[in-house]
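*Asks:* My questions will all concern the structure given below.
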Amino acid sequence: MYKFNTPQNVYEVGKVKIGGQPGELPTVLIGSIFWLGQKMVKDANKGIFDAAEAENLINKMDTLSDLTGVPFAFDIVGTTEEAFGKYIDFVAKHSEAPLMLDAMSPRTRMAAAEMAKNMGLQDRCLYNSVYKGVRDAELEKLKESGIKMSIVLADNPKDNSLEGKMQVLEEALALADQGGITKPLIDTAIPAFEPSMGTAVRAIPKIKEKFGHPTGLGTGNVVTTMGWVKAHFAKEFRLGTRTATNAIMQTMGANWLMFGPAEQADYVFPAIAIVDAYVASAMGDVGIRPLHEQHPIYKIFL
């Protein structure tokens, strides 16, 4: 457990608060919906999907959050502008959770940001993402949208060391500021399952100590690339590796986790709640207390 010397920022998006010292706020989970290949998506380009199944998945996330005290956001993955418009509208009408705008194409991301503004949803949205190399045109569109929260990547393809991540992060934060982002969420940019993956874990407390911003990473990027696990263990036993991966990040100080497909919520939420309770209990020894009574520790022990 880490008690950081640097003041730890708490940012709000929609009704969800992210950040702070370990033990103050629960870990925020970000689950992906409408991702490419998801069974309920019938046509990713046109944004055609099974509405009943999507609503059930959204309701599941809401129910699990209420039960565990773990807050969450939806990572809305869009392939085209047409699809994004339908996805954002649907999720916004069926849940009050924050909405992450996620697309591989900068053009599609920019269009999604503009849609969010036109729908009056900018205060509920976070952008994915700002990174070294993002173009001025995208930053300008992001600023115009009024969205204030974004993932900021500490990704340095030329140098994956801790020093490399810290160096590139300074530049990425400056770019985020240029795009009007006042609530950065730092992503330590964990690579696929490989020997250097631990650097992104070690970076969590280092980044929080230096910058004070909420920090996390995409654990879903790791667990889906565990070739050794897939080769030797049946699917039902791989859940333990996913749970362990998330727990490691929490104990290192992660404030948020992009855990992968929302379908995994059934076992991710209770596991995250248990670790949050452990963290809050440990931090009580150094004078840190949860900031509200919805924290998982109160759900579990009261």
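*Asks:* Name the pairs whose Cβ atoms lie under 6 Å apart, with the first residue in segment 283-298 and touching a residue at least 12 places away in the same chain (Cβ under 8 Å), the second charged (D, E, K, R) and not in a helix (DSSP H, G or I), and 6 or more positions between them or separate chains?
*Replies:* What qualifies is Val286/Lys3; Leu291/Glu24.
*Asks:* A follow-up question, please. Do you know which residues across segment 26-36 are surrounded by 20 or more Cβ atoms within 10 Å (Cβ to Cβ) and either of a type in the set (Val, Ile, Thr) or more than 15 Å from the chain's Cα centre (by Cα) (or both)?
*Replies:* Matches in segment 26-36: Thr27, Val28, Ile30, Ile33, Phe34.
*Asks:* Tell me, yes or no, whether segment 49-60 has at least one residue that is in a loop (DSSP other than H, G, I, E, B), under 25 Å from Thr108 (Cα atoms), at pLDDT 95 or above and within 16 Å of the chain's Cα centre (by Cα).
*Replies:* Let us first name the residues in segment 49-60 that are in a loop (DSSP other than H, G, I, E, B), namely 50.
The next check asks that each one be under 25 Å from Thr108 (Cα atoms); those that pass are 50.
Those still in the list that are at pLDDT 95 or above too: 50.
Still in the running and within 16 Å of the chain's Cα centre (by Cα): none.
No - not one qualifying residue is present in segment 49-60.
*Asks:* Examine segment 96-114 for a residue that is buried (at least 19 other Cβ atoms within 10 Å of the Cβ), without any contact (Cβ under 8 Å) to a residue 40 or more places away in the chain, farther than 30 Å from Pro157 by Cα and of a type outside the set (Lys, Arg), and state whether such a residue exists.
*Replies:* Within segment 96-114 (the criterion being buried (at least 19 other Cβ atoms within 10 Å of the Cβ), without any contact (Cβ under 8 Å) to a residue 40 or more places away in the chain, farther than 30 Å from Pro157 by Cα and of a type outside the set (Lys, Arg)), the answer is no, since none of the residues qualifies.
*Asks:* Tell me which residues, restricted to segment 20-50, are within 25 Å of Gly120 (Cα to Cα) and of a type in the set (Gly, Ala, Ser).
*Replies:* Filtering segment 20-50 down to residues within 25 Å of Gly120 (Cα to Cα) leaves 28-35, 44-49.
Within segment 20-50, Gly31, Ser32, Ala44, Gly47 meet the criteria.
*Asks:* Additional query: When only residues in segment 25-47 that are in contact with a Phe, Trp or Tyr (Cβ under 9 Å, 6 or more places away or on another chain) and of a type in the set (A, V, I, L, M, F, W, C) count, which is farthest from Glu82 (Cα to Cα)? Show your work before the answer.
*Replies:* Kept after step one, since they are in contact with a Phe, Trp or Tyr (Cβ under 9 Å, 6 or more places away or on another chain), are these residues of segment 25-47: 27-34, 38, 40-44, 47.
Adding the requirement that they be of a type in the set (A, V, I, L, M, F, W, C) leaves 28-30, 33-34, 40-41, 44.
Details: Val28: 29, Leu29: 27, Ile30: 23, Ile33: 16, Phe34: 13, Met40: 17, Val41: 14, Ala44: 9 Å.
The selected residue is Val28.
The values are calculated or read from the model by the stated rules, or taken from the named source; none is laboratory data. Computed from a predicted model, the values in this text were never measured in an experiment. Note: ideal-geometry Cβ built from the backbone for every residue, glycine included; neighbour counts use all protein chains shown.
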